[in-house]
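**Q** Starting off with a structure, shown below.
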Amino acid sequence: MKIFKIYLIIQLSICLVSCTEKVIEPDLKTVMPRLAVDASIDWVKNTSGNEQKIKLTTTTGYYSNEFPTVSGANIVIANSTNTIFHFIENPGTGEYICSDFQPVIGETYTLTVSLNGESYIATETLMSVPDIENNIEQNNKGGMGGDEVEITYYYHDNATLQNNYLYSVRNPRVAFPEYEAENDENTQGNLVPVYYSNKDLKAGDLVNIKIYGISKRYYEYFRKLLAASGADTGPFPTTPGSVRGNILNQTNSANFAYGYFRLSEVDVKDYTIQ
């Protein structure tokens, strides 16, 4: 009887081990690729801002981890006085570089991407941003549950303007930067605190903080983008889907592109966790 019990236990163990879950990947249809334009012009405070980059890729299949790059485009940005800034491709990379860009707060710029006989155009204004204050605070019992390392940084909102902001935090414990978009509807002219917390932060970790000045149109676009990506934490999140930006195909409207042409002044601050 004892031997039978041991044999039964062994047999059950083999059954349990063999009954692993099988990952099923549905055979999804892949639509024709669309152009995706990463045209974020960032003027970091206390720099000339002359070095700028635009990247072209295409959409790809759901299970693909790589986005095909796009070569052979002609990319220019023009300001309101029709000064032209040329973006030249680093061959074969899909990255187009400009080394003589002239950023001016409040200036309006027009992006033109010419590719395969079609022309994509977008217009946007370069938005200013306040300084991040030096008095960054740390609370080792922060977060919703009081068990996270929390930092608080501040900036002073400009009371004379209606402002919109994009916050970015790069945490060495997280693979990608974390973003949040805000406006000054409830903070007009105030000293504004911004809170960030993470339970995995350790003493010595370097946290990179950025604030971007953004237009109202980009603020609304980015909020939709967060919702469509499933990052919306509100009680009634939007159903995930695609979000189109301000880059319009002037030749063939049906062949639209993804992405957004944004111009921002950016303030940057590093903080070392204590």
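The values are calculated or read from the model by the stated rules, or taken from the named source; none is laboratory data. Every value quoted in this text rests on a predicted model; they were computed, and no experiment measured them. Note that each Cβ is placed from the backbone with ideal geometry, even for glycine, and that neighbours are counted across all protein chains shown.
**Q** Checking residue 116 against (1) more than 30 Å from residue 35 (Cα to Cα); (2) surrounded by fewer than 13 Cβ atoms within 10 Å (Cβ to Cβ); (3) modelled with pLDDT of 95 or more, which test does it fail?
**A** (1)
**Q** Within the bounds of the stretch 147-167, is there any residue that is over 30 Å from residue 252 (Cβ atoms), polar (S, T, N, Q), crowded, with 16+ Cβ neighbours inside 10 Å and touching an Asp or Glu at 6+ places or on another chain (Cβ under 9 Å)? Step through it out loud before you land on a result.
**A** As a first pass, look at the stretch 147-167 and keep what is over 30 Å from residue 252 (Cβ atoms): 147-167.
Filter again for polar (S, T, N, Q), leaving 152, 158, 160, 162-164.
Those left that are additionally crowded, with 16+ Cβ neighbours inside 10 Å: 163-164.
With touching an Asp or Glu at 6+ places or on another chain (Cβ under 9 Å) added as a condition, the list becomes 163-164.
Scanning the stretch 147-167 turns up at least one residue that is over 30 Å from residue 252 (Cβ atoms), polar (S, T, N, Q), crowded, with 16+ Cβ neighbours inside 10 Å and touching an Asp or Glu at 6+ places or on another chain (Cβ under 9 Å).
**Q** Additional query: Out of the stretch 145-169, which residues are touching a residue at least 40 places away in the same chain (Cβ under 8 Å) and under 19 Å from residue 134 (Cβ atoms)?
**A** If we filter the stretch 145-169 for residues that are touching a residue at least 40 places away in the same chain (Cβ under 8 Å), which is where we start, we get 147-155, 162-169.
Residues satisfying the conditions are 150, 151, 152, 153, 154, 155, 165, 167, 168, 169.
**Q** Given the stretch 188-274, what strands (runs of 3 or more DSSP E) lie entirely inside it while holding 1 or more residues that are within 14 Å of the chain's Cα centre (by Cα) and modelled with pLDDT of 95 or more? Explain how you work it out, then say what you get.
**A** Working: elements: 191-198, 206-214, 258-272.
Hits in the stretch 188-274: 206-214, 258-272.
**Q** Next question, about the same structure. Of (1) surrounded by 13 or more Cβ atoms within 10 Å (Cβ to Cβ); (2) assigned to a loop (DSSP other than H, G, I, E, B), residue 87 satisfies all except one. Which?
**A** The failed condition is (2).
**Q** Another question, then. Please specify each residue of the stretch 78-102 satisfying the condition of being among the polar types (S, T, N, Q) and over 14 Å from residue 50 (Cβ atoms).
**A** Going residue by residue through the stretch 78-102, those that are among the polar types (S, T, N, Q) are 79-83, 90, 93, 99, 102.
The answer is 80, 81, 82, 90, 93.
**Q** When the residues of the stretch 169-187 are filtered to those that are among the β-branched types (Val, Ile, Thr) and assigned to a loop (DSSP other than H, G, I, E, B), which remaining residue is farthest from residue 155 (Cα to Cα)?
**A** Across the stretch 169-187, the extreme among qualifying residues is 174.
**Q** Let me ask something additional. Restricting attention to the stretch 119-168, report how many residues are touching a Gly at 6+ places or on another chain (Cβ under 7 Å) and assigned to a strand (DSSP E or B).
**A** 6
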